[in-house]
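The values are calculated or read from the model by the stated rules, or taken from the named source; none is laboratory data. Nothing here was measured: the structure is a model prediction, and the numbers come from that model. Don't worry about glycine lacking a Cβ; one is built from the backbone with ideal geometry, like all the others, and counts go over all protein chains shown.
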């Protein structure tokens, strides 16, 4: 069973709130976490397939076929996420108000 990721989204952002310039593997990890934030905060209960996030793990050096599931923890305001196939999981903190926070998207359009 993999470990649990504990992520502070602000560690991947620059002072303007964009993804910071960081080396390739870290940048891809940041893109993964921001995609999970967009998925978790999407206001439509029937989330479009374009927002689905494929698991990034490679158990046995083969790509996991799982799709990430997530929930908002209203008590801690963290996003809890997990892969139902391989068990990869984690929490994302300090995502509120980021460019990937889609809550209230209807009012902004």
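Of all residues in region 40-57, count the ones that are at pLDDT 90 or above and either loosely packed, with under 15 Cβ neighbours inside 10 Å or closer than 18 Å to residue 4 by Cβ (or both).
Number satisfying all stated conditions: 7.
Select from region 13-71 the residues that are in a loop (DSSP other than H, G, I, E, B) and in contact with a strand residue (DSSP E or B) (Cβ under 9 Å, 6 or more places away or on another chain) and list them in ascending order.
Scanning region 13-71 gives 20, 52, 53, 55, 63, 64, 65, 66, 68.
List the residue pairs whose Cβ atoms are under 7 Å apart, where the first residue sits in region 8-27 and is on the phi > 0 side of the Ramachandran plot and in contact (Cβ under 8 Å) with a residue 40 or more places away in the chain, the second is surrounded by 11 or more Cβ atoms within 10 Å (Cβ to Cβ) and part of a loop (DSSP other than H, G, I, E, B), and the two are 6 or more positions apart or on different chains.
Hits for this filter: 17/98; 17/99.
Please enumerate the residues belonging to region 68-84 that are over 12 Å from the mean Cα position of the chain (by Cα) and more than 19 Å from residue 58 (Cβ to Cβ).
73, 74, 75, 76, 77
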